[in-house]
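Worksheet: one structure, shown below.
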Amino acid sequence: MRGERILKPAHLPGQNPASPDDRLKPMPRGRFITFEGLDGSGKTTQIRRLAAWLERRGHPIVVTRQPGGTATGDRIREILLDARVDSGSAGLAPMAEMALMFADRAQAIAEVIEPALEAGKIVLCDRFTDSSEAYQGGGRGLGSEKILAMHRLICGNLQPDLTLLLLPGFEASLARARRRNRRDEARTGKNESRFEAEEDAFFRRVWEKYREIAAREPERVVRIEGDLTIDEVHEQIVEAVAELLVTAGT
């Protein structure tokens, strides 16, 4: 008949048509995995290896870092890590440092982390609020209460599903970080050694605060300690991540 519309079935013969409710189901939320530890603990290497492991298994991933990971964050990173910032008479005040860290984090959550999680992706993040609690709360002596209050206010209390805390030998970590920064400065002309210029006592406080966080939140934080090989650390990370994904049904 002229003008007649013929509606074709939206499914193949032998298949069950999807119900309207099925089609409206939201995409499962992704998983948020953070890496923590002193500079020189091997985070960068292990994030790269975990990303490759996940991609080989077909998981969509996003890799980011803090500070940085966005155009705004990269500009904040320059202020926070540039050793020249403290070359003046006063330097960067601890509260200003903390505020900049959270400004960077708020932008990263809005621009990178939340969109990726909403899209069902696995986010691998080099540092998150545990770093602020360890470095500003412990190292700078601001205490955990201020950091956690800022996290609730600025970050909406977003929590990682899993945190991998790398704690190799203290002296070895610092030595690696300082060697790396000298090498990077020679190659790029950038001096991101503002934190590495601190005394060892500062890093001892950071180290102890990290251990305190792990003891407080053992369900979230997996602590990987000792001077292990790269492969040994990777094996422990894969075991923890695989357990998370099985539990999440991913």
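Assuming R0 = 22 Å, can you tell me the calculated FRET efficiency for the pair ARG220 and ALA149, based on Cβ-Cβ distance, to the nearest 0.05?
For R0 = 22 Å, the calculated efficiency reads 0.70.
How far, in nm, would the chain grow between GLU239 and MET27 when pulled straight, counting 0.36 nm per residue and subtracting the alpha carbon separation?
The GLU239-MET27 span can extend by a further 73.8 nm.
Go through LYS121/LYS146; LYS43/LYS209; LYS146/LYS209 and tell me which ones have a Cα-Cα distance over 24 Å in this structure.
LYS121/LYS146
Using the Cβ atoms and a cut-off under 12 Å, what net charge is assigned to the surroundings of PHE32, where Lys and Arg are +1 and Asp and Glu are -1?
Local charge sum for PHE32: +1.
May I ask you to order 72-79, 218-225 by the average number of other C-beta atoms within 10 Å around their residues, highest value first?
Output ranking for 72-79, 218-225: 72-79, 218-225.
So if each residue of separation counts as 0.36 nm, and I subtract the Cα-Cα distance between ARG183 and ALA93, what length gain in nm does that give?
Gain in length upon complete extension: 29.6 nm.
For THR72 and ASN157, FRET efficiency with R0 = 30 Å and r from the beta-carbon atoms, rounded to 0.05?
For ASN157 and THR72, the calculated efficiency is 0.85.
None of the figures in this text is laboratory data; all of them are computed from the coordinates on show. All values reported here derive from a predicted model rather than from experimental measurement. Quick reminder, even Gly has a Cβ in these numbers, built from the backbone with ideal geometry, and neighbours come from all protein chains shown.
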